[in-house]
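The values are calculated or read from the model by the stated rules, or taken from the named source; none is laboratory data. Being a predicted model, the structure only gives us computed values, none of them experimental. In this analysis, Cβ positions are derived from the backbone assuming ideal geometry, glycine residues included, and neighbour counts consider all displayed protein chains.
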């Protein structure tokens with residue numbers, strides 16, 4: 001299904017100039033964009049997926065985030081559900097440590113530098129809770145060895161999105177897939193981990209693919225940002 005054109009805060013379609021500049025290409029773009037959603041996911045979930053793509057730390061598109069917050073509210077989302085998406089997006093920074101830790105270990109070993117030894121996990125209730133639930137990510141092993149107290153604080157914060165139950169677990173996993181598949185992030189191991197979890201929670205492959213299609217069409221926001229600028233500059237001449 002083809003969705004309505006995204007509008008700017010002023011109520012104008014940011015891609016409207018393309019209707020006169022290159023109408024044939026705009027039609028093809030709209031057809032491709034509209035094919036991203038095929039009625040597999042409810043409108044609210046689609047809006048939340050688009051929102052987490054916009055607020056991802058590697059993207060940060062405030063105008064698009066506002067549009068998709070409004071779309072989510074119109075589709076029945078609550079403020080707390082939208083806030084849960086924002087909380088979920090805020091924890092993606094852990095990937096900086098997870099991706100860098102093995103590199104640091106290799107560099108240290110090559111230089112003959114001794115890394116911190118494994119420390120007992122006593123006094124790390126969040127790590128213990130996540131481990132007992134079978135949800136401890138092996139990518140966090142080095143962090144748990146070097147900085148168990150820091151990781152415990154992180155997990156205590158991040159796990160709240162799951163334990164608060166504002167969003168159901170399957171939706172959280174679908175949102176995590178979107179955040180990890182975001183073209184400006186591309187954390188493939190996270191996509192695998194959260195896709196496996198989503199399937200266990202009853203998600204279908206079709207639902208997962210719809211999330212990935214939404215992520216794949218996210219590059220259209222480059223046009224939505226830049227076309228109005230080009231239009232304004234050309235109008236000056």
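Of the listed requirements (1) in a helix (DSSP H, G or I); (2) under 20 Å from residue 50 (Cα atoms); (3) in contact (Cβ under 8 Å) with a residue 24 or more places away in the chain, residue 203 misses just one: (1). Would you confirm whether or not region 33-47 contains a residue that is surrounded by 14 or more Cβ atoms within 10 Å (Cβ to Cβ), at pLDDT below 95, in contact with a helix residue (DSSP H, G or I) (Cβ under 6 Å, 6 or more places away or on another chain) and farther than 25 Å from residue 225 by Cα? No, that holds for no residue. Residues in region 181-200 that are closer than 20 Å to residue 221 by Cα and in contact (Cβ under 8 Å) with a residue 24 or more places away in the chain: 181, 182, 183, 184, 185. Only one entry of 169, 160, 144 meets the criterion of being modelled with pLDDT of 90 or more and in contact with a helix residue (DSSP H, G or I) (Cβ under 6 Å, 6 or more places away or on another chain), and that entry is 144.
A single entry from 210, 236, 196 fulfils the requirement of being farther than 29 Å from residue 100 by Cβ and either modelled with pLDDT of 95 or more or buried (at least 18 other Cβ atoms within 10 Å of the Cβ) (or both): 210.
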